[in-house]
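Q: This is the structure I have questions about; it appears just below.
The values are calculated or read from the model by the stated rules, or taken from the named source; none is laboratory data. Quick caveat: nothing in here was measured; it's all calculated off a predicted structure. Cβ coordinates were reconstructed from backbone atoms using ideal geometry, including for glycine residues, and neighbour counts include every protein chain displayed.
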Amino acid sequence: MKIAIGSDHGGYPLNEQVIEELEKLGHEVIDFGTHNSKSADYPDFARLVAHAVQSGEAERGIAICGSGVGVTVAANKVRGVRACLCHDTYSARQGVEHDAMNVLCLGARIVGVELALELVRSFLSGKFSDEERHRRRLGKVLDIEKNG
């Protein structure tokens, strides 16, 4: 799977570990940085990840900042992106299966490395269920996105 990933300075160390895990699992990574701990603005990286998913350049995205909140808010401003901040593996997988989540957001100062890697694996293992009730609910979400 092709995965877009990006982080600000707060997410930088975790970003590097997630990239290593993605490559180990055989995924193709589109790395939008940042590549150091120098102060960087989370919206810039969330936007890059979200646009890669929106355009189809990437199948899914991962955005990381200190809390995960900023990248979640920013990524969700891009039409067609359903970004969620997850702290547990159930939500990371179920968000894909029931809600067609396509961007996983992580808070590097909130979750430890091992949990973060489990979250990534759970997110990537999920597949949208395509059950009628989930399609209907997704359609309602898309209607809100289009019409407010």
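Q: Return a yes/no flag: does the stretch 102-119 have any residue that is within 13 Å of the chain's Cα centre (by Cα) and of a type in the set (Lys, Arg).
A: No, the conditions are met nowhere in the stretch 102-119.
Q: Would you be able to say whether some residue in the stretch 130-143 is under 13 Å from the mean Cα position of the chain (by Cα) and of a type in the set (Gly, Ala, Ser)?
A: No, the stretch 130-143 contains no residue that is under 13 Å from the mean Cα position of the chain (by Cα) and of a type in the set (Gly, Ala, Ser).
Q: Which residues, taken from the stretch 96-118, are surrounded by 23 or more Cβ atoms within 10 Å (Cβ to Cβ) and either without any contact (Cβ under 8 Å) to a residue 12 or more places away in the chain or more than 19 Å from GLY56 (Cα to Cα) (or both)?
A: Across the stretch 96-118, the qualifying residues are LEU106, ALA108, ALA116.
Q: So for the stretch 36-45 (the condition being in contact (Cβ under 8 Å) with a residue 40 or more places away in the chain and surrounded by fewer than 21 Cβ atoms within 10 Å (Cβ to Cβ)), does at least one residue qualify?
A: Checked against the condition, which is being in contact (Cβ under 8 Å) with a residue 40 or more places away in the chain and surrounded by fewer than 21 Cβ atoms within 10 Å (Cβ to Cβ), the stretch 36-45 yields no hits at all.
Q: Just name the residue that is surrounded by the most Cβ atoms within 10 Å (Cβ to Cβ) out of those in the stretch 14-26 that are free of Cβ contacts under 8 Å to residues at least 40 places away in the same chain and in a helix (DSSP H, G or I).
A: Ranking the qualifying residues of the stretch 14-26, first place goes to ILE19.
Q: Counting only residues that are under 10 Å from TYR42 (Cβ atoms) and in a loop (DSSP other than H, G, I, E, B), how many does the stretch 61-78 have?
A: 3
Q: If you don't mind, there's one more thing I want to ask. Any chance the stretch 44-64 includes a residue that's more than 27 Å from LYS146 (Cα to Cα) and at pLDDT 95 or above?
A: The answer is no, given that none of the residues of the stretch 44-64 is more than 27 Å from LYS146 (Cα to Cα) and at pLDDT 95 or above.
Q: A follow-up question, please. Going residue by residue through the stretch 2-13, is there one that turns out to be in contact (Cβ under 8 Å) with a residue 24 or more places away in the chain, more than 19 Å from GLU145 (Cα to Cα) and among the β-branched types (Val, Ile, Thr)?
A: yes
Every residue, every condition in (1) under 13 Å from the mean Cα position of the chain (by Cα); (2) among the hydroxyl-bearing types (Ser, Thr, Tyr); (3) farther than 17 Å from PHE123 by Cα, yes or no:
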residue	(1), (2), (3)
ALA40	no, no, yes
ASP44	no, no, yes
ALA50	yes, no, no
GLY56	no, no, yes
ARG60	yes, no, no
CYS65	yes, no, yes
ALA74	yes, no, yes
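Q: When both residues are 6+ apart or on different chains and their Cβ atoms are under 7 Å apart, which pairs have a first residue that lies in the stretch 121-137 and is over 14 Å from LEU104 (Cα atoms) and touching a residue at least 12 places away in the same chain (Cβ under 8 Å), and a second that is loosely packed, with under 13 Cβ neighbours inside 10 Å and among the β-branched types (Val, Ile, Thr)?
A: From residues that are over 14 Å from LEU104 (Cα atoms) and touching a residue at least 12 places away in the same chain (Cβ under 8 Å), there are no pairs.
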